[in-house]
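Q: The following block contains the structure, expressed as structure tokens.
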Amino acid sequence: MSDYGNPPRDPSQPDPYGQANPYGQPGPYSQPGPYGQQPGYGRPAYGAPGTVFAHWGKRVGACLVDGLLGSLAAIPTWIGYGILAAHTTTTTNSDGTVSSSTDAPPVALVLIVIGFALSLGFFIWNTCLRQGRTGYSIGKRALGIKLIGESTGQPIGAGMSFVRYLAHVLDAIPCYLGYLWPLWDGKRQTFADKICKTVVIDQPQR
């Protein structure tokens with residue numbers, strides 16, 4: 001029916017002809033999404049439906065990758081120790097005591113120091129800074145897993161990443177039980193994860 005000649009209606013009032021007023025109804029974008037967010041915006045927290053905690057095998061694989069790269073950074077140290085050992089002689093004295101002497105060149109000590117510095121630098125960059133800021137060490141990125149805070153769903157920062165590394169000492173006591181704990185734990189956490197309130201999830205870096 002035409003509205004010609006009729007006064008304009010107030011959009012907030014119902015239609016006098018009994019039709020629902022489309023302008024008085026909330027739009028599809030005014031309804032909250034399933035995670036309390038507007039549709040199409042943001043991401044659910046780590047515990048939302050569909051989140052997958054990283055499998056123990058992936059965590060071991062990431063650790064092996066990081067460990068291998070750390071060992072490569074320390075190669076100069078092992079070369080230096082090799083040179084030192086090759087130039088060291090051990091003598092057993094008449095009284096049964098043992099004494100050692102070395103004529104290793106200075107380059108052996110230089111290589112040991114360089115290797116130690118490279119290894120330490122790699123650890124700080126990869127485990128503390130990179131993992132703390134992004135959630136990914138090189139190994140975790142290669143295996144498609146990410147370290148995040150249990151309550152925030154965000155990377156934990158360089159300082160807490162270092163603290164978590166130290167907390168792994170507890171995973172080795174007793175008999176490396178903490179490292180095996182993710183095999184049956186609901187959130188697949190190690191003891192260090194539980195202490196630092198962190199989880200590792202399946203989430204490839206884009």
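The values are calculated or read from the model by the stated rules, or taken from the named source; none is laboratory data. The shown structure was predicted, so the numbers you read here are calculated from the model rather than taken from an experiment. Cβ sites come from the backbone with ideal geometry, for glycine too, and all protein chains shown count toward neighbours. Each accessible area value is taken on the protein alone, full model and side chains, heavy atoms only, with ligands, DNA and RNA left out. Shrake-Rupley method; radii C 1.70, N 1.55, O 1.52, S 1.80 Å.
Q: Look at region 118-153 and say how many of its residues are surrounded by 14 or more Cβ atoms within 10 Å (Cβ to Cβ), of a type in the set (A, V, I, L, M) and free of Cβ contacts under 8 Å to residues at least 60 places away in the same chain.
A: So the count comes out to 3.
Q: What's the number of the only condition in (1) open to solvent by less than 30 Å² (accessible area, probe 1.4 Å); (2) assigned to a loop (DSSP other than H, G, I, E, B) that Gly96 fails to meet?
A: (1)
Q: State whether one or more residues within region 164-181 are within 12 Å of the chain's Cα centre (by Cα) and among the aliphatic types (A, V, I, L, M).
A: Looking through region 164-181, none of the residues is within 12 Å of the chain's Cα centre (by Cα) and among the aliphatic types (A, V, I, L, M).
Q: Taking the condition part of a loop (DSSP other than H, G, I, E, B), modelled with pLDDT under 95, open to solvent by less than 80 Å² (accessible area, probe 1.4 Å) and not β-branched (Val, Ile, Thr), does Gln205 pass?
A: So Gln205 passes the test.
Q: Using the structure shown, decide if Gly80 is over 30 Å from Gly186 (Cα atoms) and either of a type in the set (Gly, Ala, Ser) or in contact with a Pro (Cβ under 7 Å, 6 or more places away or on another chain) (or both).
A: Yes.
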